[in-house]
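Asker: Attaching a single structure in structure tokens format; questions to follow.
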Amino acid sequence: MDLTTLENHLDASPLLKAHKQYFLNLAQPAVAVRLGPTMGEPLQSRFGGLPVVPAGFDWPEHPNGHYLFVGQINFAELPDGPGRPAELPPSGLLSLFYGFDEDDAIFWRDQDYLKAFYWPDISGMREIQAPHRWVTGSRALHFENGVDLPRHEELRKDWPVEFDEIQDWLHGLEESGDLPRDYLLGRPSWDSLGYDPTPEAEECPGNSHWRSLLTLQSHEEFHWCWQDGARLMAFIEDARLRTRDFSHLQVDCG
């Protein structure tokens, strides 16, 4: 959803139109992640399949289980133009892995539950197979630059109307895809939490040094079941994002 689409939605509701500027001010840059119909090529952005990595890369090891491949984002595939978030790298490959064990001993809030590797130079990369041989099907990804809105009461203290009056509207934007369930940046969104999952949100209200990097819904075809079929939210510190350091992410699910 771009700003023009958001304006059209606001103008269509007398209640929301009365607070139009408030909602426009809330809009933050985000990138919708859409599943394509094909498996994708090795260097393409993909969920599932086999990762491509530079020579000498070793599959990450988890002391209590295995790391499974989430997918990879080739930042050069994000659309150019004024809507492209400046915070994201112009190119390079981000590869993501999550911890898994059959006994549920690994918890999503554990340190390094989600491991990320970023390579600015993608020349000479190759696909590798996981040592545990676990692999899912692959789907190519497509991206749409746009804006995101806070979707939950807990993310604001200054809603201009009762949140119950706009909750159905926000849900409708999700159902239509205008607010996607898979996206980069924006604000976190969830199914079952009752708090803002952003690190430091309680200690530093409105002034956390962390921001949402990636939100993913559960997808059966990739065997993702984030907290009983809900969503995974990955956060990164502002300073690390500016320096393209993706080595320390924090996660919540719900």
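Asker: As an exercise: evaluate GLU200 against (1) more than 25 Å from SER45 (Cα to Cα); (2) surrounded by fewer than 18 Cβ atoms within 10 Å (Cβ to Cβ); (3) in contact with a strand residue (DSSP E or B) (Cβ under 9 Å, 6 or more places away or on another chain); (4) in contact (Cβ under 8 Å) with a residue 40 or more places away in the chain and give the number of the one condition it does not meet.
Answerer: (4)
Asker: Would you pick out the residues in segment 206-229 that are of a type in the set (Gly, Ala, Ser) and under 21 Å from TRP134 (Cα atoms)?
Answerer: SER218, GLY229
Asker: Note down all Cβ pairs under 6 Å where the first residue falls in segment 16-39 and is without any contact (Cβ under 8 Å) to a residue 60 or more places away in the chain and of a type in the set (D, E, K, R), the second is exposed (fewer than 14 other Cβ atoms within 10 Å of the Cβ) and in a helix (DSSP H, G or I), and they're at least six residues apart or on different chains.
Answerer: Listed pairs, sorted by first residue: LYS17/ASP11.
Asker: So GLY186 clears everything in (1) touching a residue at least 12 places away in the same chain (Cβ under 8 Å); (2) more than 20 Å from the chain's Cα centre (by Cα) except one condition, right? Which one?
Answerer: (2)
Asker: Please count how many residues of segment 112-171 are of a type in the set (Lys, Arg) and on the phi > 0 side of the Ramachandran plot.
Answerer: Number satisfying all stated conditions: 1.
Asker: Among PHE107, PHE100, PHE117, which is the only one that is within 27 Å of PRO199 (Cβ to Cβ), touching a strand residue (DSSP E or B) at 6+ places or on another chain (Cβ under 9 Å) and touching a residue at least 40 places away in the same chain (Cβ under 8 Å)?
Answerer: From the options PHE107, PHE100, PHE117, the qualifying one is PHE117.
Asker: What are the residues in segment 115-135 that are modelled with pLDDT of 95 or more, farther than 27 Å from ARG242 by Cβ and of a type in the set (Val, Ile, Thr), if any?
Answerer: Within segment 115-135, ILE128 is the sole residue that qualifies.
Asker: Can you tell me how many residues in segment 136-190 are assigned to a loop (DSSP other than H, G, I, E, B), surrounded by 19 or more Cβ atoms within 10 Å (Cβ to Cβ) and of a type in the set (A, V, I, L, M, F, W, C)?
Answerer: Matching residues across segment 136-190 total 3.
The values are calculated or read from the model by the stated rules, or taken from the named source; none is laboratory data. Fair warning: this is a prediction, and the values are worked out from it, not measured in the lab. Because the Cβ atoms are built from the backbone with ideal geometry, glycine has one as well, and the counts that use them run over all protein chains shown.
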